[in-house]
Number of protein chains: 2
Amino acid sequence: MKGNVLVGQSGGPTAVINSSLAGVYKTAMERGFTRVYGMRYGIQGFMQEQYVDLADHIKNELDLELLKRTPSAYLGTCRYKLPEIHDDKSVYERIFELLDKLDIEVFVYIGGNDSMDTIRKLSDYALLTGARQRFVGCPKTIDNDLAITDHTPGFGSAAKYIATSTKEIICDAMGFSYNKKNVTIIEIMGRNAGWLTGASALAAGEDCEGPDMIYLPEISFDVDTFVAKVKDLLEKKDVVVVAVSEGIHNAEGKYICEFTSGSETKDAFGHIQMTGTASYLAQVVSQQLGCKTRAVELSTLQRAAAHMASLVDVNEAFAVGGATIKAADEGASGVMVVIERVSDDPYQSTTGVYDVHRIANAEKVVPRDWINKEGDGVEEEFLDYVRPLIQGHLNAMMVSGLPRHLSMDLKNYAWSK
Amino acid sequence: MKGNVLVGQSGGPTAVINSSLAGVYKTAMERGFTRVYGMRYGIQGFMQEQYVDLADHIKNELDLELLKRTPSAYLGTCRYKLPEIHDDKSVYERIFELLDKLDIEVFVYIGGNDSMDTIRKLSDYALLTGARQRFVGCPKTIDNDLAITDHTPGFGSAAKYIATSTKEIICDAMGFSYNKKNVTIIEIMGRNAGWLTGASALAAGEDCEGPDMIYLPEISFDVDTFVAKVKDLLEKKDVVVVAVSEGIHNAEGKYICEFTSGSETKDAFGHIQMTGTASYLAQVVSQQLGCKTRAVELSTLQRAAAHMASLVDVNEAFAVGGATIKAADEGASGVMVVIERVSDDPYQSTTGVYDVHRIANAEKVVPRDWINKEGDGVEEEFLDYVRPLIQGHLNAMMVSGLPRHLSMDLKNYAWSK
């Protein structure tokens, strides 16, 4: 008789992180594990005994399908870094005591770099102490900056939302262009890696020119050169649309958003929010070139817009979730499931497992030769890599005109209140 | 033998303004008009002889369906107010000379208040001079602030996008709440009328609590009272989400966005952009309550997100477009087509025509008794009015993973470039 599974979600949410959770749950049930517990708010909540039995919340296959269509972390997430084992053993003793108490056999953590660091430390501790639990990481991040895996679940859906929104914003700007030159600057997430910003290039096609310039954080950004290029473009056309990463910075490493006059804003975890890059550049263009400008921050919806999720991404997220259970069930520990690209065209992928020690804390950025020479656009290789990941659409389950989600706290809300 | 139709688009675009254009085109063809010309960039472009024969661009029924799914103004739009007839007759002489040259029998203008003013003046001029052309207005605005018509095409789709995005943003905020109180402020369009901001309340349902507070521009806003309410809420719950109109102002009529320190931003037409309200309030909350905050501006996508269009809205936009041609063909002039609600539940609507003199320049705001007493939410009457308008979904035509649009300039883009 198999024991139980414990699964948690960590770090920034994505549109498909719950599809991985659905995959973990389904495969664990199918492979005969007794229960699947979910940590509330990751390892941080778990350490305070915050967890649920998922069978109380996912009661049938419809719930499972709704879960796949629910954005953000269904279980709640945290940003919490475990201490090194030699610095504070008591944290580990506490965690393993709880794991034993719940008869946990497999521990799955869905997350990015920091989460893989958690898997590494816990599996090391189990090895040192001879504990029986196995620890497997499930990749997740819209930023696509995890090493080894071809790409990360969450990225494709964010890329699809960004490309779709870019097309719609360009349509909007084009409609206004009569005798009015206008410049739109779209700000996209990705502090150090330009994968998401580059995905705006997918907007270009038979019905859309795409952005005129695209600036990734991999390349230093010079405000004067940028303004000069906009000026040149405005001599040839009336509508200029530019996509910039929130993380672009000058040659000295100073973020462009730090040039804004407003006081700094911090996110829910005390990180400085990378906000205001587009506003700042719009203001500079307006002042120096005297033309009309608009700044659009795609903001939270990049990672939350489940209504525009990529079917390839949803399915891969589900598959890597299931693969974590399969790997652990077959004896693996201290590994992360990775996606391996079998073929570009037609696109095919499969899952593999990889030693988490070689993944944790490494950051994958866009290769220099996938960015054009001028540093203001991406090359065909970039597009060939991303395009397969935005294919297909999972229809939302619409209730009263809006996409229905699975909610842990409101599920018993009465129909006739 | 019937003459020709001239159709133009004016003012801010919507997700379904092109569905009205498709309705105009189809009904004009079916009723035996010879040609349908489209003004490029409204009356302003037309006066400089910028127009197209739509038969060169809408070649088959697939094109017509793509047009219905294309956001923003396919023909291009303008913001141009005709002078009073007695102030400058030459403008009118010029326009009617062109209308005669193109053998125009029916003139349709798709737009909001300013556009109906154009219809009023042109039909008055025709009456004064005995010109044969007939002039009909087709309502359009996301703001839903036109008088007489039950609602305006464009509003339902914007409302659906806003409610969907609000749900997704709330999901995102909930996922982060462990031991971290956080406040999210969503900024929504609508300078003087709170229809769109109120639509965020539709997010509430069996799977979502909806925004905690909603502030419409119809009610004066007091920053201190607001902060006190947020403080009270944070004592009861960890996650607070507030929707605010870009146009909220204090009792003295000063816009909240004017309190921001940044220099003022103007849009493509020299109007001051109503931007920064959410950022400002987030900063005040963060400073006074010491909690984490996030500001999200829904921005341009509210009016451009054709991928989240309401089917009811798309169909009604198409119907009012067709109804303009029917009305003109039957002899009407100086009228606007209106939507009449026949029944709330099940929802049914029909079209009518109304004297444009009684519509132009009047602004419809949310009735006081549809807003709650405290002025921080909407009543059930508001929801009963809006809910039918967001129903149904028109599947995008997906090409290579993205919604396909009809483009006037790029349609001959070669497949094998």
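Since every read-out is calculated from the coordinates, none of them should be taken as a lab result. These figures come from a predicted structure and were not determined experimentally. Heads up, the Cβs are rebuilt from the backbone with ideal geometry, glycines too, and the neighbour counts pull from every protein chain shown.
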Once the label point is placed 7 Å from Cα along Cβ, list for A:Arg341 the distances to the corresponding points in the other copies, in nm, shortest first.
5.1
Give me log10 I(q)/I(0) at q = 0.09 Å⁻¹ for chain A, Debye formula, one equal scatterer per alpha-carbon, no solvent.
-0.58
What is the magnitude of the charge dipole of chain B about its Cα centre, with +1 placed on the Cβ of each Lys and Arg, -1 on the Cβ of each Asp and Glu, and no other charges, expressed in debye to the nearest 20?
1100 debye
Fewest-first sequence of A:Leu21, A:Leu127, B:Leu98, B:Leu54 by Cβ atoms within 10 Å of each Cβ
A:Leu127, B:Leu98, B:Leu54, A:Leu21
Quotient of Cα Rg and 2.2 N^0.38 Å for segment A:151-220, N being how many residues it contains:
1.17
The protein assembly as shown, convex hull of Cα, quarter of hull surface, nm² -> 35.3 nm²
Over all residues in A:189-200, what is the mean tally of Cβ atoms on other chains that come within 10 Å of each residue's Cβ?
0
Could you list the square roots of 5 times each eigenvalue of the Cα gyration tensor of segment A:291-332, that is, the equivalent ellipsoid semi-axes, sorted largest first and rounded to whole Å?
38, 11, 7
Please work out, to two decimal places, the log10 of the ratio I(q)/I(0) at q = 0.18, 0.20 Å⁻¹ from a Debye calculation in which every Cα of segment A:156-304 carries one identical scatterer.
-1.06, -1.30
What is the distance, in nm, between label points placed 7 Å from the Cα along the Cα-to-Cβ direction at A:Glu374 and at A:Val52?
5.1 nm
How far is B:Asp224 from the same spot in each other copy, in nm, shortest first, if each label point sits 7 Å from Cα toward Cβ?
4.9
Can you tell me the orientation of helix A:223-236 relative to chain A, as the angle in degrees between its alpha-carbon axis and the longest Cα principal axis, to the nearest 10?
60 degrees
Provide Rg and Dmax in Å for segment B:106-237, with only Cα atoms included in the calculation.
21.0, 74
Cross-link pairs beyond the 30 Å C-alpha cut-off, checked among B:Lys229/B:Lys254; A:Lys26/B:Lys68; A:Lys180/B:Lys89; A:Lys160/B:Lys68; A:Lys2/A:Lys121:
A:Lys26/B:Lys68
Interatomic Cα distance distribution for segment B:97-156, bins of 10 angstrom, percent
23, 44, 23, 10
If N is the number of residues in segment A:125-186, what value comes out of its Cα radius of gyration divided by 2.2 N^0.38 Å?
2.08
Each residue of A:288-300 has, on average, a number of other protein chain C-beta atoms within 10 Å of its C-beta equal to 5
Could you tell me the extents of segment A:298-417's C-alpha atoms along the three principal axes, largest first, rounded to whole Å?
61, 44, 30
Estimate the FRET efficiency between A:Thr129 and A:Val399 by the formula 1/(1 + (r/R0)^6), using the beta-carbon distance for r and 60 Å for R0, to the nearest 0.05.
0.80
Rounded to a whole number, the mean other protein chain Cβ count within 10 angstrom for residues of A:68-76 is 4
